[in-house]
Amino acid sequence: MNALSREWLLTDTPTSRMHARMSSFYKGWLALRSNTLAMFGLGILVFLLAVAAFAPWISPHDPFAQDLANRLQPIGSDSHLLGTDSLGRDILSRLIYGSRITLYIVALVALIAPVAGLLVGTVSGYIGGWTDIVLMRITDIFLAFPRLVLALAFVAALGAGIENAVLAISLTAWPPYARIARAETLTIRKSDYISAIKLQGAGPIRIITKHIWPLCISSLIVRVTLDMAGIILAAAGLGFLGLGAQPPSPEWGAMISEGRRFILDHWWVATVPGLAIFTVSLAFNLLGDGLRDVLDPKDEGR
């Protein structure tokens, strides 16, 4: 980027709305880039995306191919860098393809839960009255149960499978987003510019969607990023219990469950996918902390 473009993006007097948005985005990127741990987390996630995208080309073996003659091969064995499992399947290949399942679950939950929470929270906070009371008591009921226990109950009712696991996790993940959106809405709805918009004839739907939702997005983005670790662990827990992705799918939680029988003598079968879950969860937490520092307006003066 040349000096002229940089100066244009860093100006304090933008000439248009698009200019202001681009300037704000660039300043946020500079702040995020200065956070070493956040960039480390972002790097891990970009690497994970690349691995998932190019899985058919970088996977050394078929993740479903069984070779009982080479079962439980140790790490570093010939043609099996991370060893093999109890059916002789290459662990590295299964990890690579398992990253697709992890990203699939994360993406779907990140699309469903925050949107549902945003809708419930903003409607509750803006309308108030009995609507607020009923919606928040429903939210409290969901928050009263541990997330994994509630997800287990939903999966037991819906049936095992990756789609049902995604739906169950989404149904247990939306209440915190509703709380955040409601708190933001209660702060915004009595502001002067909302009153001015009402005087111009804007209805509740337009006010909520055009003026309240955009101000709630930054808080929700931070919360979503920080929640990704919990979502990954919940999905892995369901897979570990046999209620998530079904065999022979290379889901990381299911791989740990399959390897726990050999944990004392063949530790790598369960440890390697466990380390993958730990690494990705840590990456989301580091990136979430960095985004919180950038997007939280309360921290601007630090």
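Rank LEU233, THR185, TRP174 by how far each Cα sits towards the positive end of the charge dipole of the stretch 153-297 (+1 on Lys, Arg Cβ; -1 on Asp, Glu Cβ) and give me just the farthest.
The one lying farthest along the dipole's positive direction is THR185.
Can you give the relative contact order of the stretch 1-94 as a percent, counting alpha carbon pairs under 8 Å and 6+ residues apart?
With pairs under 8 Å counted, the relative contact order is 17 percent.
Determine the principal axes of the Cα atoms in the stretch 175-215, then give the extent along each, sorted from largest to smallest and rounded to whole angstroms.
33, 17, 13
Could you compute the net charge surrounding LEU87? Neighbours are other residues with a C-beta less than 10 Å from the C-beta of LEU87; K and R count +1, D and E count -1.
-1
Taking amide H positions as placed 1.01 Å from N in the peptide plane, with prolines and chain starts having none, which residues 5 or more places from SER77, or on another chain, fall under 5 Å of its amide H?
Amide H neighbours of SER77, under 5 Å, 5+ apart: GLY83.
All other residues with a Cβ under 13 Å from the Cβ of ILE101 taken together, and with Lys, Arg as +1 and Asp, Glu as -1, what is their net charge?
0
Going by how many other Cβ atoms sit within 10 Å of their own, how do PHE145, PHE240 line up, fewest first?
Details: PHE145 13, PHE240 20.
Going from sparsest to densest Cβ surroundings: PHE145, PHE240.
Based on DSSP H assignment, which helices of the chain show an axial Cα extent of at least 15 Å together with a mean Kyte-Doolittle hydropathy greater than or equal to 0.0?
Details: long enough: 17-33 (24 Å, -0.41); 36-53 (25 Å, 2.51); 91-127 (53 Å, 1.67); 129-143 (21 Å, 1.05); 147-158 (16 Å, 2.43); 162-188 (38 Å, 0.61); 213-240 (38 Å, 1.64); 268-295 (40 Å, 1.22).
Helices meeting the span and hydropathy rule in the chain are 36-53, 91-127, 129-143, 147-158, 162-188, 213-240, 268-295.
When the Cα centres of the stretch 256-285 and the stretch 114-165 are compared, how far apart do they sit, in Å?
31
Using label points projected 7 Å from each Cα along Cα→Cβ, tell me how many nm separate TRP130 and ALA202, to one decimal.
Result for the modelled spin labels: 2.9 nm.
For PHE142 and SER77, compute 0.36 nm times the residue count separating them, minus their Cα-Cα distance, and round to one decimal in nm.
So the extension gain works out to 18.6 nm.
Taking neighbour Cβ counts within 10 Å as the exposure measure, how do TYR104, TYR177, TYR193, TYR97 sort from fewest upward?
TYR193, TYR104, TYR97, TYR177
With label points built 7 Å along Cα→Cβ from the Cα atoms of ASP192 and ASP289, find their separation and express it in nm.
3.9
Any idea how far apart ARG33 and LEU68 come out in nm if each label point goes 7 Å out from Cα toward Cβ?
Each label point is offset 7 Å from its Cα along the Cβ direction, giving 5.7 nm.
When a footprinting reagent is the concern and you count Cβ atoms within 10 Å, what order do GLU258, GLU7 take, fewest first?
Fewest to most other Cβ atoms nearby, the residues stand as GLU7, GLU258.
Just so you know, all these numbers are worked out from the coordinates, no wet-lab data involved. Keep in mind that what you see is a predicted model, and the values were worked out from it rather than measured. Backbone-built Cβ (ideal geometry, glycine too); neighbour counts: all protein chains shown.
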